[in-house]
């Protein structure tokens, strides 16, 4: 029987694990992800969740253990944040390149020094090259739903890639809202059991992975991973449509659009800022302003086509990044501009860096960013990327 | 001791693998796998054995292998062990991590110590050629005092870690220190380990002509000299009981006299600088004596 | 779900390898010295079989060693460990061409 519970974003992730029943969970605590693994420990020790839970001694070991378990053809799950994600960087590559469909919520937290435990997207942005599917969630129900959808997407025989869903530190991870959760048998029609047809460790059919392959083979093996992402690109709409069929909800596939069809300026953001932007749009629309917001849900595979289609609707984009690649710009704006250029589109894109280290980005701030965006649309030219709220 | 004629004929290494001619590690894995049999899964971090498996699309080992990153042998094994438990196959399938001394003493210590502390059910083998062999003999925590390595060209100034003792002190059910020069002992050790449950740590002294700088055909002789001179001590700890093994037992009980240290040091190019320095040779001997003293105390308790 | 066949192109999704001889090619080409067995001296103790790092020695039905010259690397451990010196060496360059 499905039920409505009041939980934090973190516990939404724990409940998703409880629903899916991974064979092996190997995780290491790190603020502010800790309550995900603590709740899972409670579920396991009470017998509610019959997974093998390995209380590893570091995040690097967590990912290595997940790879080991997944290599047996088993469903595996872990969770981390910030420095933990950075520490397992080497093994993120290993998981992606080994085509192991491990699913991992990541609480977006800034990197140090100094120690800062609040929301920042630099951690997941820095890992976009590792062969992991990347989703960004903006509410607790989406965290729960995306974990379920990721298992289905990642385990597809054409995809076979690990996937992460990012959730903002504290704004989601520690904030209570109501969500609907299911028992395992209610989701088995949407998510059948995992069958690793491509490879697994099985003494009855011995094979190995990861010994040496020279230049004459490596390139094609890398391309195969890329093909997995292209398959994911085709499959994401189907998976979400099927999710809607089973559970009555979807979250917008690649880009969750809000009042974009008749918008003059569209503001794009990831995570909770994307949902906060909708409040700004509501207020502006009440004032008769043609504003629209688009929440970028999927970052890998990067939805270039959807961005190009979105650009046809507006005169200008404003892109808020909660990440910064020092010496360059935010992660999202860079990739959005690149997609537009490839599509031969020339609308101005105003980049805004905001919210680093958990500094609040409210709808009132977003309204100000929209104002800049309308200015840009009028002039037909973007200003240099703005460091919003910088105290200098 | 099992007779040679009674050892299984089945081979679990393929012909034409990539090991150096005269490699002690392959003698070791050959007999370890004979004991464990084909119902075995291996995980191998970066080490000589990664490369010995040869080139894609072929593999020189006949059982399933998960090759993994350098520091992850203990962690990858922890994941596989949990998975086997989930599948109800942990009693049926042998799980072994096969790592070099680099991936055990140095970069791999965290994952191994964590796996042991969690009482992970697997066999961890450290095959010890006393340096980072795969990459050309850079020093490791296992490199002996005074030995040449490419990163200690004038001789390593620290004694090796007594790693097998460190693992024994974790309180794991079985720890052993053996040598590839005694393949029948390797076979018996793995036959025993196979029947036990929990973390089993087996360290094998594996002679390396390429790294130790001697000619390939002296591999077995070098291994035997290491034990005969007392430089390498063979022992096991089963439960709470420590005991010496084979020739090391005879030495400990005074039944056999140790051969002179120079018999072992002189033939190896890696000790060329060491033997020219009598003060360093004395320090080397002090390290050996200290190790014998501690192990004798453990055995006698 | 039936697992994919070994040579299926869908198996090329990652670096999967299968146990096969010759993973490093024809390692017999590495030899500088070739082992020669004197079957009259050989007592069938199987010490050479025990120590061969390449598993290149098998015992025939008369319990005499047969050395696989396609893969034997010529390390000559069999020669030094033979208790009755039944194995000797000859330079590969001077050995009879197979």
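Examine the range C:78-94 for a residue that is free of Cβ contacts under 8 Å to residues at least 12 places away in the same chain and facing another protein chain (nearest Cβ under 9 Å), and state whether such a residue exists. First the steps, then the outcome.
Initially, the range C:78-94 is screened for residues free of Cβ contacts under 8 Å to residues at least 12 places away in the same chain, giving C:80, C:93-94.
Those left that are additionally facing another protein chain (nearest Cβ under 9 Å): C:80.
Checking the range C:78-94: at least one residue is free of Cβ contacts under 8 Å to residues at least 12 places away in the same chain and facing another protein chain (nearest Cβ under 9 Å).
Going by the structure shown, is residue B:72 touching a residue at least 24 places away in the same chain (Cβ under 8 Å), more than 29 Å from residue B:213 (Cα to Cα) and touching a helix residue (DSSP H, G or I) at 6+ places or on another chain (Cβ under 9 Å)?
Details: touching a residue at least 24 places away in the same chain (Cβ under 8 Å): yes; more than 29 Å from residue B:213 (Cα to Cα): yes; touching a helix residue (DSSP H, G or I) at 6+ places or on another chain (Cβ under 9 Å): yes.
Criteria met by residue B:72.
Quick one: residue A:345 ticks every box in (1) touching a helix residue (DSSP H, G or I) at 6+ places or on another chain (Cβ under 9 Å); (2) farther than 24 Å from residue A:238 by Cβ; (3) surrounded by 20 or more Cβ atoms within 10 Å (Cβ to Cβ) bar one, so which box is it?
Of (1) touching a helix residue (DSSP H, G or I) at 6+ places or on another chain (Cβ under 9 Å); (2) farther than 24 Å from residue A:238 by Cβ; (3) surrounded by 20 or more Cβ atoms within 10 Å (Cβ to Cβ), only one is false for residue A:345: (3).
Take the residues in the range C:12-27 that are more than 8 Å from chain B (Cβ to nearest Cβ) and in a helix (DSSP H, G or I); name whichever of them is nearest to residue B:60 (Cα to Cα). I'd like the intermediate steps shown before the answer.
First, the residues of the range C:12-27 that are more than 8 Å from chain B (Cβ to nearest Cβ): C:12-14.
Then keep just the ones that are in a helix (DSSP H, G or I); that gives C:12-13.
Working: C:12: 19, C:13: 21 Å.
Within the range C:12-27, the match that is nearest to residue B:60 (Cα to Cα) is C:12.
Conditions first: (1) surrounded by fewer than 22 Cβ atoms within 10 Å (Cβ to Cβ); (2) farther than 21 Å from residue B:75 by Cβ. Residue A:49 passes all but one, so which condition is the exception?
Of the numbered conditions (1) surrounded by fewer than 22 Cβ atoms within 10 Å (Cβ to Cβ); (2) farther than 21 Å from residue B:75 by Cβ, the odd one out for residue A:49 is (1).
Determine which member of the set B:171, B:155 is over 17 Å from the mean Cα position of the chain (by Cα) and closer than 21 Å to residue B:97 by Cα.
Details: B:155 fails: closer than 21 Å to residue B:97 by Cα.
Every option except B:171 fails the conditions.
Please go through (1) in contact with a strand residue (DSSP E or B) (Cβ under 9 Å, 6 or more places away or on another chain); (2) surrounded by 15 or more Cβ atoms within 10 Å (Cβ to Cβ) for residue B:288 and return the number of the only condition it doesn't satisfy.
Every listed condition holds for residue B:288 apart from (1).
Only one of (1) under 28 Å from residue A:273 (Cα atoms); (2) in a helix (DSSP H, G or I) fails for residue A:106. Which number is that?
The single condition residue A:106 does not satisfy is (2).
On the given criteria, is residue B:59 at the interface with chain C (Cβ under 9 Å from one of its Cβ atoms), touching a residue at least 12 places away in the same chain (Cβ under 8 Å), at negative phi and more than 20 Å from the chain's Cα centre (by Cα)? Steps first, please.
On the way: at the interface with chain C (Cβ under 9 Å from one of its Cβ atoms): yes; touching a residue at least 12 places away in the same chain (Cβ under 8 Å): yes; at negative phi: yes; more than 20 Å from the chain's Cα centre (by Cα): yes.
Yes; evaluated as a whole, the condition is true for this residue.
Among A:69, A:137, A:79, which is in contact with a helix residue (DSSP H, G or I) (Cβ under 6 Å, 6 or more places away or on another chain) and within 14 Å of chain B (Cβ to nearest Cβ)?
On the way: A:137 fails: within 14 Å of chain B (Cβ to nearest Cβ); A:79 fails: within 14 Å of chain B (Cβ to nearest Cβ).
Checking each option against the conditions leaves just A:69.
Yes/no per residue for (1) more than 22 Å from residue A:55 (Cα to Cα); (2) in a loop (DSSP other than H, G, I, E, B); (3) within 14 Å of chain C (Cβ to nearest Cβ); (4) touching a residue at least 40 places away in the same chain (Cβ under 8 Å):
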{"residue": "B:50", "(1), (2), (3), (4)": "yes, no, yes, yes"}
{"residue": "B:76", "(1), (2), (3), (4)": "no, no, no, no"}
{"residue": "B:79", "(1), (2), (3), (4)": "no, no, no, no"}
{"residue": "B:86", "(1), (2), (3), (4)": "no, no, no, no"}
{"residue": "B:95", "(1), (2), (3), (4)": "no, no, no, yes"}
{"residue": "B:103", "(1), (2), (3), (4)": "no, no, no, yes"}
{"residue": "B:113", "(1), (2), (3), (4)": "no, no, no, yes"}
{"residue": "B:116", "(1), (2), (3), (4)": "no, no, no, yes"}
{"residue": "B:119", "(1), (2), (3), (4)": "no, yes, no, yes"}
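When you look at residue C:35, is it surrounded by 15 or more Cβ atoms within 10 Å (Cβ to Cβ), facing another protein chain (nearest Cβ under 9 Å) and touching a residue at least 40 places away in the same chain (Cβ under 8 Å), yes or no? First the steps, then the outcome.
On the way: surrounded by 15 or more Cβ atoms within 10 Å (Cβ to Cβ): yes; facing another protein chain (nearest Cβ under 9 Å): no; touching a residue at least 40 places away in the same chain (Cβ under 8 Å): yes.
When the stated conditions are applied, residue C:35 does not pass them.
Only helices (runs of 4 or more DSSP H) wholly contained in the range B:175-293 count here; list those with 2 or more residues that are within 23 Å of residue B:3 (Cα to Cα) and more than 14 Å from chain C (Cβ to nearest Cβ).
Numbers: elements: B:183-194, B:209-212, B:219-228, B:246-252, B:262-265, B:272-275.
Because the criterion is at least 2 residues that are within 23 Å of residue B:3 (Cα to Cα) and more than 14 Å from chain C (Cβ to nearest Cβ), the helices (runs of 4 or more DSSP H) in the range B:175-293 that meet it are B:183-194, B:219-228, B:246-252.
Only one of C:82, C:45 is under 28 Å from residue B:3 (Cβ atoms) and crowded, with 19+ Cβ neighbours inside 10 Å. Can you tell me which? Quick ask: steps written out before the conclusion?
Numbers: C:45 fails: crowded, with 19+ Cβ neighbours inside 10 Å.
Exactly one residue qualifies, and that residue is C:82.
Return the residue satisfying two criteria in turn: it lies in the range B:16-48 and is at the interface with chain C (Cβ under 7 Å from one of its Cβ atoms) and assigned to a helix (DSSP H, G or I), and of such residues it is surrounded by the most Cβ atoms within 10 Å (Cβ to Cβ). Talk me through it step by step, then tell me what you get.
Here is the first cut: in the range B:16-48, the residues at the interface with chain C (Cβ under 7 Å from one of its Cβ atoms) are B:16-19, B:21-23, B:26-27, B:30.
In the following step, the residues that additionally are assigned to a helix (DSSP H, G or I) were identified as B:26-27, B:30.
Values: B:26: 25, B:27: 32, B:30: 22.
Result: B:27.
Quick check, is residue C:83 modelled with pLDDT of 95 or more and over 30 Å from residue A:98 (Cβ atoms)? I'd like the intermediate steps shown before the answer.
On the way: modelled with pLDDT of 95 or more: yes; over 30 Å from residue A:98 (Cβ atoms): yes.
Yes; evaluated as a whole, the condition is true for this residue.
The values are calculated or read from the model by the stated rules, or taken from the named source; none is laboratory data. Quantities reported herein were computed from a predicted structural model and do not represent experimental measurements. Positions of Cβ are backbone-derived with ideal geometry, glycine not excepted, and every protein chain shown enters the neighbour counts.
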